[in-house]
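Working notes, beginning with the structure itself.
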Amino acid sequence: MKKKVNSNRVILSLVFLVLGFMVAFSFRVTQDESDNRKGLTDRQWDQHISLRNELIEQEEKNRELQKELNEKQEKVRNIEANLSKEAQVFFNMAEDAEKYRMFLGKVKVSGDGVKVTLADGEYNPDEENINNYLVHEHHVFKVINELYISGAAAISVNGQRISHKSYVLCTGPVITVDGYQHPAPFEITAIGDPDVLSSALNITGGVKDQLVNDQIVFTIEEVDDIQMDPILGN
Amino acid sequence: MWLPIMGLIIGVIIGLLTDITIPEEYSNYLSIAILAALDTLFGGIRAQLQNIYDEKVFVSGFFFNIVLAASLAFLGVHLGVDLYLAAVFAFGVRLFQNIAVIRRILLTKWSTTSEK
């Protein structure tokens, strides 16, 4: 009889357990619906909030990193600007160096230019002094200086390159350029803008007029693609 | 007597703590099932008081009524007829009848004991 009562109780408690579960479950479901939190339970809600907090944290971190990145980029840009400035300076220096090498006769130069020929005047029996119609070194000087002033990059006399330390000497009937003697006529070749050079020489009262006054045969022609070799042993 | 109450409490706790969510359209079935369970429970109490209580009938009726009510509601939804209303009606009427009977029996018992 005792066992009968016991099993009775057990089955009854099972029934009550199912009933309690169903009532509580239904209660909770209905409450969730009335709360209308998109069907979220408390635990899901907590999880939701913690995930949101994590997201916010990550975003703040991202923002800081972004700021840092911007700063770094600013630094890089400054460095790049400096570099480009330096590059500009170096470029200018390289250009200058090239120009100076050209003037010093250390490199081969090629380009358009002019060729000036100075020849002695015709033999004139009336003239007492023969020097009055010969080409003298100062005539050559004048032409060379005028060409340099007008922006010639390189000049050669009878094919011999003139450099910053060249000298032109009058040695009797010939002139000596850097130790090499050259007879008349003298061909002075200059590389530069042909128009500028020729107009600089042809200017009224300029070099050409002076030389012609001194009975010198002066011819000038524009030449394309002149080649000048570097000075040997320089 | 504490064992069934313990069962009830444990059931309530489990029901409150479970994280299962059911779709809204199934909550109807749950209500019907609860109604069936309550009906059977009060039927059992009445039978106990009238001394015609049979455990097998009670337990089988409890679970069978739950399943039957839920499946009736399910069938009603799929047929387009609000069959769950029939279940609500039937169970509701019987619930009130049972409670009325229980009340009368208890009243009779109480008046006889007070007369003594």
Is it the case that A:LEU169 is touching a Ser or Thr at 6+ places or on another chain (Cβ under 8 Å), part of a helix (DSSP H, G or I) and assigned by TED's automatic domain parsing to the domain that holds A:HIS138?
no
Among residues of region A:161-178 being without any contact (Cβ under 8 Å) to a residue 60 or more places away in the chain and surrounded by fewer than 14 Cβ atoms within 10 Å (Cβ to Cβ), the residue nearest to the chain's Cα centre (by Cα) is A:LYS165
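Checking the structure you have, find out if any residue of region B:17-36 is under 17 Å from A:SER13 (Cα atoms), part of a helix (DSSP H, G or I) and either in contact with a Gly (Cβ under 6 Å, 6 or more places away or on another chain) or within 11 Å of chain A (Cβ to nearest Cβ) (or both). Can you show your working first?
The initial filter retains those residues of region B:17-36 that are under 17 Å from A:SER13 (Cα atoms), namely B:34.
Remaining after also requiring part of a helix (DSSP H, G or I): B:34.
So of that shortlist, the ones also either in contact with a Gly (Cβ under 6 Å, 6 or more places away or on another chain) or within 11 Å of chain A (Cβ to nearest Cβ) (or both) come out as B:34.
Yes, region B:17-36 contains at least one residue that is under 17 Å from A:SER13 (Cα atoms), part of a helix (DSSP H, G or I) and either in contact with a Gly (Cβ under 6 Å, 6 or more places away or on another chain) or within 11 Å of chain A (Cβ to nearest Cβ) (or both).
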Unique match (being in contact with a His (Cβ under 8 Å, 6 or more places away or on another chain), at pLDDT 85 or above and assigned to a strand (DSSP E or B)) among A:ILE175, A:ILE155, A:ILE188, A:ILE220
A:ILE175
Within region A:88-134, tally of residues that are in contact with a helix residue (DSSP H, G or I) (Cβ under 9 Å, 6 or more places away or on another chain) and part of a loop (DSSP other than H, G, I, E, B)
8
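Return a yes/no flag: does region A:52-73 have any residue that is under 30 Å from B:ILE13 (Cα atoms), under 60 Å from the mean Cα position of the chain (by Cα), free of Cβ contacts under 8 Å to residues at least 24 places away in the same chain and exposed (fewer than 13 other Cβ atoms within 10 Å of the Cβ).
yes
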Filtering region A:223-234 for residues that are buried (at least 17 other Cβ atoms within 10 Å of the Cβ) and either charged (D, E, K, R) or part of a helix (DSSP H, G or I) (or both) leaves a count of 0
Have a look at B:PHE63, B:PHE91 and point out the one that is assigned to a helix (DSSP H, G or I), modelled with pLDDT of 85 or more and surrounded by 18 or more Cβ atoms within 10 Å (Cβ to Cβ).
B:PHE91
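One line per residue, one yes/no per condition, for (1) more than 30 Å from B:TYR26 (Cβ to Cβ); (2) at pLDDT below 95; (3) assigned by TED's automatic domain parsing to the domain that holds A:LYS165:
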{"position": "A:PHE25", "(1), (2), (3)": "no, yes, no"}
{"position": "A:VAL29", "(1), (2), (3)": "no, yes, no"}
{"position": "A:GLU60", "(1), (2), (3)": "yes, no, no"}
{"position": "A:LEU69", "(1), (2), (3)": "yes, no, no"}
{"position": "A:GLU98", "(1), (2), (3)": "yes, yes, no"}
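The values are calculated or read from the model by the stated rules, or taken from the named source; none is laboratory data. The shown structure was predicted, so the numbers you read here are calculated from the model rather than taken from an experiment. All Cβ positions, even for glycine, are placed from backbone atoms using ideal geometry, and neighbour counts span all protein chains on display.
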